[in-house]
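Asker: Can you keep this structure in mind? I'll have questions shortly.
The values are calculated or read from the model by the stated rules, or taken from the named source; none is laboratory data. Nothing here was measured: the structure is a model prediction, and the numbers come from that model. Note that we place each Cβ from the backbone using ideal geometry, even for glycine, and neighbour counts take in every protein chain shown. Remember, those area values only see protein heavy atoms, side chains included, never the ligands or the DNA or RNA. Shrake-Rupley method; radii C 1.70, N 1.55, O 1.52, S 1.80 Å.
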Amino acid sequence: HDVVCFVLETHLWSGRIQLRAEDLKKFSSSNTSLPDSALASLGSVKICDPQVTRTFEQLKREAKAVLEAAGLSLFKARAVPSHRHSEIRAKLDDIKYRFEDEAKKLHATYNTKVAEWRGKWTTANPGYGHLLDRIPSAETVFGRLSFEYHDYRVEPPKGVYDDEGGSEFTTKLSGLRGELYKEAATEAITLMESCMDKGGSQRDYITPKTLGPFKRIAERFRDFQSVDPSAIAAAELIEATVTQALNFAQSDKNNRICDGALMIVLSMAQTFANPASAARLAEKSRTVGSS
């Protein structure tokens with residue numbers, strides 16, 4: 001009940017048409033039979049400027065990034081904290097609006113864009129113009145483009161907690177803890193890599209901006225404290241390290257984090273880069289703090 005799942009359902013248009021055997025037989029000097037589509041793909045040909053389709057691909061990636069930044073993987077969806085549900089909906093609604101607006105623009109300009117591309121393409125590829133004869137209509141392309149998302153809560157059917165299905169459900173939910181520490185490890189590794197110079201050697205200092213991944217880790221743990229009792233302890237450990245490092249930077253004339261403060265940051269990053277070690281440290285901190 002503390003998480004809401006989001007699933008994206010987007011349909012894009014490739015801006016291409018698949019080549020058929022009859023499209024290519026014209027260029028076969030021996031007039032031999034080409035392989036059936038079950039044996040080999042004959043490829044495809046672009047029928048419009050790739051930038052036309054790239055806009056929709058970018059919007060899809062933006063939506064995926066929103067969910068990946070806010071949630072954890074669960075049942076092939078992204079589970080986000082309930083308190084961020086409205087925020088995520090608003091972001092996805094904005095992307096959906098822009099996606100649909102771009103689709104309307106494409107519908108209105110489709111024939112012109114395709115004609116311009118076909119003119120340039122046939123000029124650059126004389127003798128191959130017939131490969132663009134099967135261009136779909138604007139209505140067909142517009143009908144293929146869609147951006148939707150579904151948000152829902154997950155729970156097992158009533159009365160199945162004790163059977164196999166209920167057990168699997170509980171196991172999957174408890175697995176969110178592992179996802180939490182795994183994603184924290186990714187951010188920690190990002191931070192450690194940012195502390196290396198181009199030659200692969202450790203830098204002598206970092207700047208406060210470099211602590212961005214640590215801050216995201218702490219926010220993620222606080223967001224998903226319902227998943228893991230030790231999540232708050234993990235967040236507090238990170239926040240204490242960040243605070244100490246930032247205080248050092250404020251006292252440094254160049255606003256840098258170096259010497260002992262840098263070692264503390266790297267030590268914490270190395271700990272969280274190993275999910276098992278980080279979980280043990282957080283659990284120990286929680287136990288000590290509650291005793």
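Asker: Can you compute the FRET efficiency between Asp204 and Glu283 using 1/(1 + (r/R0)^6), with r the Cβ-Cβ distance and R0 = 51 Å? Round to the nearest 0.05.
Answerer: Rounded to the nearest 0.05, the efficiency is 0.90.
Asker: Stretch Val7-Glu148 to full length: gain in nm at 0.36 nm per residue minus the Cα-Cα span?
Answerer: 49.9 nm
Asker: I've got another one for you. Dipole magnitude of the range 207-258 about its Cα centre, charges +1 at Lys/Arg Cβ and -1 at Asp/Glu Cβ only, in debye to the nearest 20?
Answerer: Computed about the Cα centre, the dipole is about 300 debye.
Asker: Between Lys253 and His83, take the C-beta separation as r, use R0 = 41 Å, and let me know the FRET efficiency to the nearest 0.05.
Answerer: 0.50
Asker: To the nearest 0.05, what FRET efficiency results for Thr109 and Arg61 with a Förster distance of 25 Å applied to their C-beta separation?
Answerer: Efficiency, from the Cβ-Cβ distance: 0.60.
Asker: On the accessible surface of the range 218-259, probed at 1.4 Å, how many percent belong to carbon and sulfur atoms?
Answerer: 43 percent
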